[in-house]
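The values are calculated or read from the model by the stated rules, or taken from the named source; none is laboratory data. Source: prediction; values computed, not measured. When we count neighbours, we look across all protein chains shown, and the Cβ atoms used for this are built from the backbone with ideal geometry, even at glycine. Remember, those area values only see protein heavy atoms, side chains included, never the ligands or the DNA or RNA. Shrake-Rupley method; radii C 1.70, N 1.55, O 1.52, S 1.80 Å.
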Amino acid sequence: MADPAADSPELAADLAANDTIFGRILRGEIPCDPVHADGRCLAFRDVAPQAPVHILVIPRRRLVNLAEAQPEDADLLGHLLLVAAQVARGQGLTAFRTVINSGADAGQTVFHLHVHVIGGRPLAWPPG
Ligand code: AMP
């Protein structure tokens, strides 16, 4: 796959400064098991799946979390959600859960925004 950062100096600079583990995945420094890639995002299987299907959708440009998102991020956030649904369909899921943990107290451990796509088993509510 062509490196989309090659076409955008801004994206290349953002990627170079990304000191999270997802930055390392985006730079190809550590492997992942991808299920979708386009110019704005990457989706790959979670290394510690909480269900038979557990995929993370991440933007190539780093957003720390939803709490820090700005109005100009609206298109990108919409794209991530549409890709999440596309990925779920691609996995054969008719029911699934999307989760975005924002902040350590909400369970965020990687400070590069990511949409969890979880499914393949009955999911209880409320979450813990
Ligand atoms: P959160 O707790 O919402 O920040 O979610 C971070 C997620 O990233 C967790 O579900 C981790 O299992 C997952 N994760 C961490 N490192 C990797 C990795 N190298 N490859 C795939 N998933 C990862």
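Structure notes:
- Within the range 86-121, considering residues that are free of Cβ contacts under 8 Å to residues at least 12 places away in the same chain and more than 22 Å from Asp14 (Cα to Cα), the one nearest to the ligand (Cβ to nearest atom): Gly107
- When Leu63, Leu80 are screened for being open to solvent by less than 30 Å² (accessible area, probe 1.4 Å), modelled with pLDDT of 95 or more, away from the ligand (no atom under 11 Å from the Cβ) and assigned to a helix (DSSP H, G or I), only Leu80 passes.
- Residues that are more than 11 Å from the ligand (Cβ to nearest atom) and open to solvent by 40 Å² or more (accessible area, probe 1.4 Å) within the range 13-24 comprise Ala13, Asp14, Ala16, Ala17, Asp19, listed in sequence order.
- Matching residues in the range 30-61 - criterion: being within 20 Å of Ala106 (Cα to Cα) and in contact with an Asp or Glu (Cβ under 6 Å, 6 or more places away or on another chain): His54, Leu56
- If you filter the range 25-60 down to residues that are over 22 Å from Ala95 (Cβ atoms) and touching a His at 6+ places or on another chain (Cβ under 6 Å), you find that the one that is farthest from the ligand (Cβ to nearest atom) is Arg40.
- Scan of the range 31-60 for residues that are in a strand (DSSP E or B) and touching a residue at least 60 places away in the same chain (Cβ under 8 Å), ordered by number: Ala43, Val53, His54, Ile55, Leu56, Val57
- Leu42, sole failed condition from (1) open to solvent by less than 30 Å² (accessible area, probe 1.4 Å); (2) closer than 15 Å to Gly119 by Cα: (2)
- Within the range 66-77, being hydrophobic (A, V, I, L, M, F, W, C) and in a helix (DSSP H, G or I) holds for Leu66, Ala67, Ala74, Leu76, Leu77.
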